Amino acid sequence: MINIKPIKNTTMISLKGITKFYNTKQQKTFVLNDVNLEIKQGEFLSIMGPSGAGKSTLLNIIGLLDQSSEGSYNFLGEPMMHLKEKQKVDYHRNHIGFIFQAFHLIEEMNVYENIETPLIYKGVKAKERKAIVADLLDRFNMVAKKDLFPAQLSGGQQQLVGVARAIAGKPKLLLADEPTGNLHTTQGSMIMDLLKELNKEGMTIIQVTHNQEFAKYGNRIINLVDGVVQ
Amino acid sequence: MIKYMLVQSFRRILNDKANSLLKLVGLTISLSLAFVITVFSVHELSYDNFHANADNIYRVVNKAESSDITWATTPFVLGETLLDNFPEIKENVHVFSINKISVKKGLAYIEENNVIAAEASFFNIFSYNLLHGDLELFAKTPNGLILSKSKAFKYFNNYYPVGELLTVDFEGELRDLVVCGIMEDFPKNSSLKTDIITNIDFGFDCLMKKYISSSENPPTKEELKTAWNMGVFFTNFIMVENSTSIINLQNKIANLSQQVENLSSDYNFKLQPLSDIYFNSNAYADNLNLEKGSKALILILILLGFLILLIASINYINLTVAQIFVKNHFIAIRKVCGARRRNLISQITIDSIVFIFLTVPVALLLTFVLLPIALNVLGKEYQLLVFDNGLPIIIIIGLVILIGAASGFLIGLRTTSYNAIKSLKNQMLSSGNFGFRKVLVIFQMVVSVCLITLVLFIYKQTNYSVNKDLGFNKEHLLIINFNSQDKAPNYLSFKQAIKSNPNISNVSGSMFTPPHISIMSLTLPKVNEPEKIIGISGLFTDYNFENTLGLELLKGAFPDKEKGINGVVVNELAARELGLTSAVGEQTSFGEVVGVVKNFHISSTHNLIPPVMIVKNQGMVREMIIKTSGSQVFETIGYLKKTWSELGGKGACEVSFFDTKVQELYIADMKFARLIMGCAILAILIAVLGLVGLALFMIKQKIKEVGIRKVNGAKVSEILALLNKDFIVWTIISFFIALPLIYLLVNKWLEGFAYKTAMSWWIFVLGGLITLVFTILTISLQTFRAARQNPIEALRYE
């Protein structure tokens, strides 16, 4: 277990000289080129940029799903560059939640079980799990739908479950990769309102988006073009 | 946690019904086959192990120096001699095989088989339960008998007929026997099965009767009991003290001839453990009608069972891996939710165990159907129930857990090793994971090709054997069974009567008609070195035998009653073996040699042609051999049957064609072929199910590629070629891997034949082609649909 006490307004994420490239036949293809970024606790950061700019790669590096080729990355003051698989899982269990454009719910699980999954992996006791999931269902007005399967829900509802699942383990950081990309505007706004609310409660959020309107929900917007922060 | 995982497992199975069904069918069939094999093997391996003293019981066998045969029968006097000389031998019993006897029930006589005669000690040695009655009474009553429970009910309508009389007809003589006891029916796994055990004294009466019919100077009962040199008619079982050193005892018995008067040194007694009798008595000459088993068969079955289970497990692994890769975020989402690799592998392992357990109920039902069929194919006369014994179900459940755990673990290792993020970004994984699958599919195909080709060779060899030139003219031969002489008309008058029929050109008779399953061995001294005893095969025949079969005469003449030519005929090998110089005119202990014939097949192609001596003895004829003109065959058979009953034949006249008789020699080979073929079909069926599944996944992966190619003008045939290419290449690779394996297998199998069919290259090619055609057909059924599809369908969701 990693136990780091977050202090408000202190730096949560510090990226220095993050570079990501792929070696193709003759040359290096850069996805990210010397990205330097500081993100404070409680921030809501929107990353914008054209397709192929490296937004998702950056988000994945922050979320420990991908590794940079060069540079240094500190999360809550700890270096993240050479973590073992096991340590990464610990961060996923305790500090980082994800939501995806394609929702990525587990189709053979109902709403309740989908939300419960990270808690099971985290080793939370059954009784406590029940309480947490019940709270989340209640908060997102999903109690009536708890026994439905993802295929029986609308996109917006699926993404609600996605958010509930991401925050069930009470992470400090929520990473959202185009969370509204597959939703129409009303549903999109609903999800963005929810994220805003979570941010107000103190959760640090980083979202990647194409949508100008939704980007404005963040309290800081950065533009990424060809792997470089503008 | 476990409950959570189980629920998920079930949902996943239901979510992908087509795929689950493909996997289930293969696993169910193979598991059921494994079940059948386990039930069968457990039963076979349990033979004779129910005797409480099993470890201390031995049969005394005799491997005579002068002959290749090991006799499982010994002289009567040996039993007492052993008891007197060796205190470590506690009990001894002589068993005499009376075999067939007719028992009176009401007015009718019913034939009972496997009747034996023995002393009361039989029940001290073996654990056959006596339910009622008295062994002492049985021992004291020369005409006493012990009856099994079911026969007691059959003849007396009750289970307690102790003291009642049973009338039997033994070769025309009526005798009243007293029921002295009732025993439980023998268990299924007893290699000895009998329902009637008479006092040994009645056995002697039967033996005397046999002697009288074939000898002018029959010995007395007393002589038979004490002589060492009047034939070996008794099976001798001994029971030794616990912890007796059998090697020591055996050595002492081997030296017995030095202590005992009149004991010929030609006897060479050995002790065969009871546990050895069921599996290792094939080469022994015994007369007890013991059931015999084959360990090699059990091994082959277990091997085949494993191969087929392996093929089905491979399908399961392949299809599940493909399933996980297609739903590629399966692993990734869980990783992102904080699952460790360990969690995932155990989830997948539980999935697999649950899945394979699902097949157990259906496999069990299928086993009920398959078991009797399998026993029939294996040529077993007994019936088995699936739950006769608890062991098979325990073994099967163990197997299920093992297969589930092993394949689940493999799938887990295979699917959780890659980086989670890649599968979250790409909708489908590329086909880079085919290496692992390729190996598994090729393995399946190698097994299929091997089995198919082996079946082809077995059929080719059997065909070769049946049609082989036997060294005589086998056309238009009919055989009439004269085995039960009390039911047949007089042989000579029958022969005389039918000779006049214009469609019958030659009539003769023989103890058996070559080629025959068993051959009779004669021992006689060499002509040029009389002190040397050799064994050659003997044929006891009627006159005219050589002409009827059309044997080729090389020297001298055939024996002829009318011309007064009497003596024996030998084949070339026998002439050499006996050390004859001019052959014709030389004396042997069976008579003067009058003719030498070309070698001919006397037994199946499994055996080399032995040296043969043909001896005239009408008394030993058991089969009449008739050469017909070849026309009006059915009229001739009708005529024979009519004449048979006109001349007083009581039973049916059994006429058979020579060809049918020859084919009967290869029944065991045909059964083996059917067994291998059955397994080959199952193996291919299961492998094909796997190919269907893989083809479906491949199509899913390549559906866009197909659409794009079609938009760009590819024809259906080109698309088919594209989709089928991999599978065809795999089949060809497997064919080449299989070639040396098949060569070894077939070579090994052909070792059992002295006369072998050629290892023709085209059989190998045919085996490969059959597999290839199967593969292409299976795959094309799937790929054709994909190739015909409107490309818009595939590209719509871009």
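Assorted remarks:
- Any hit, region A:115-123, residues being farther than 28 Å from A:MET48 by Cα, open to solvent by less than 10 Å² (accessible area, probe 1.4 Å) and not polar (S, T, N, Q): yes
- Helices (runs of 4 or more DSSP H) contained in region B:273-373 and holding at least 3 residues under 29 Å from the mean Cα position of the chain (by Cα): B:274-277, B:295-326
- Selected residue [open to solvent by 60 Å² or more (accessible area, probe 1.4 Å) and closer than 28 Å to B:LEU608 by Cα] from B:TYR743, B:TYR755: B:TYR743
- Of all positions in region A:14-33, none carries a residue that is open to solvent by less than 20 Å² (accessible area, probe 1.4 Å), out of contact with any Leu (no Cβ under 6 Å at 6 or more places or on another chain) and either within 14 Å of chain B (Cβ to nearest Cβ) or within 30 Å of A:GLN187 (Cα to Cα) (or both).
- Note on region A:42-140: enclosed strands (runs of 3 or more DSSP E) holding 2 or more residues that are among the hydrophobic types (A, V, I, L, M, F, W, C), touching a residue at least 60 places away in the same chain (Cβ under 8 Å) and at the interface with chain B (Cβ under 9 Å from one of its Cβ atoms) are A:96-100.
- The residues in region B:556-570 that are over 24 Å from B:GLU531 (Cβ atoms) and buried (at least 18 other Cβ atoms within 10 Å of the Cβ) can be counted, and the count is 4.
- Qualifying residue in region B:438-461 (condition: under 30 Å from B:VAL594 (Cα atoms), in contact (Cβ under 8 Å) with a residue 24 or more places away in the chain and surrounded by fewer than 20 Cβ atoms within 10 Å (Cβ to Cβ)): no
- Taking the criterion of being touching a strand residue (DSSP E or B) at 6+ places or on another chain (Cβ under 8 Å) and open to solvent by 60 Å² or more (accessible area, probe 1.4 Å), the residues of region B:267-283 that qualify are B:LYS270, B:ASN280, B:ALA283.
- If the condition is being modelled with pLDDT of 90 or more and crowded, with 18+ Cβ neighbours inside 10 Å, then region B:576-599 contributes B:VAL593, B:VAL594, B:GLY595, B:VAL596, B:VAL597, B:ASN599.
- Single residue of B:ASN473, B:ASN481, B:ASN467 found to be surrounded by fewer than 22 Cβ atoms within 10 Å (Cβ to Cβ) and without any contact (Cβ under 8 Å) to a residue 40 or more places away in the chain: B:ASN467
- Meets criteria (open to solvent by 40 Å² or more (accessible area, probe 1.4 Å), over 26 Å from B:GLY690 (Cβ atoms), in a helix (DSSP H, G or I) and at pLDDT below 85) for B:LYS422: yes
- For region B:636-672, residues that are hydroxyl-bearing (Ser, Thr, Tyr) and open to solvent by 40 Å² or more (accessible area, probe 1.4 Å) total 3.
- Any chance B:ASN599 is within 39 Å of the chain's Cα centre (by Cα) and at positive phi: no
- Pair list, Cβ under 9 Å, 6 or more apart: region B:129-147 residue at positive phi, other residue of a type in the set (Gly, Ala, Ser): B:GLY133/B:GLY163; B:GLY133/B:GLY181
- Yes/no for B:THR81 being of a type outside the set (A, V, I, L, M, F, W, C) and open to solvent by 10 Å² or more (accessible area, probe 1.4 Å): yes
- Helices (runs of 4 or more DSSP H) fully within region B:77-159 that include at least 2 residues being over 36 Å from the mean Cα position of the chain (by Cα): B:77-85, B:135-140.
- The one condition in (1) at pLDDT 90 or above; (2) under 29 Å from B:PRO161 (Cα atoms) that B:ASP205 fails to fulfil: (1)
- Yes/no for B:VAL507 being among the aliphatic types (A, V, I, L, M), at pLDDT 85 or above and either closer than 17 Å to B:PHE658 by Cα or open to solvent by less than 70 Å² (accessible area, probe 1.4 Å) (or both): yes
- Any hit, region B:518-525, residues being of a type in the set (S, T, N, Q) and open to solvent by less than 10 Å² (accessible area, probe 1.4 Å): no
- Flag if B:LYS748 is touching a residue at least 60 places away in the same chain (Cβ under 8 Å), open to solvent by 50 Å² or more (accessible area, probe 1.4 Å) and charged (D, E, K, R): no
- Scanning region A:213-229 for residues that are of a type outside the set (Val, Ile, Thr), open to solvent by 20 Å² or more (accessible area, probe 1.4 Å) and in contact (Cβ under 8 Å) with a residue 60 or more places away in the chain turns up A:LYS216, A:TYR217, A:ASN219, A:ARG220, A:ASN223, A:ASP226.
- The residues of region A:141-172 that are among the charged types (D, E, K, R), open to solvent by 30 Å² or more (accessible area, probe 1.4 Å) and within 13 Å of another protein chain (Cβ to nearest Cβ), listed by number, are A:ASP147, A:LYS170.
- Sole residue being away from chain A (no Cβ under 14 Å), on the phi < 0 side of the Ramachandran plot and either assigned to a helix (DSSP H, G or I) or not aliphatic (A, V, I, L, M) (or both), chosen from B:LEU14, B:LEU24, B:LEU6: B:LEU24
- Test: residue in region B:532-539 that is within 27 Å of B:GLN496 (Cα to Cα), polar (S, T, N, Q) and crowded, with 20+ Cβ neighbours inside 10 Å: no
- Within region B:376-383, one or more residues are part of a helix (DSSP H, G or I) and either more than 14 Å from chain A (Cβ to nearest Cβ) or open to solvent by 10 Å² or more (accessible area, probe 1.4 Å) (or both).
The values are calculated or read from the model by the stated rules, or taken from the named source; none is laboratory data. Worth saying up front: this structure is predicted, and the values here are computed from it rather than measured. We place every Cβ from the backbone using ideal geometry, glycine too, and count neighbours over all the protein chains shown. Calculation scope for accessible area: heavy atoms of the full protein, side chains included, ligands and nucleic acids excluded. Shrake-Rupley method; radii C 1.70, N 1.55, O 1.52, S 1.80 Å.
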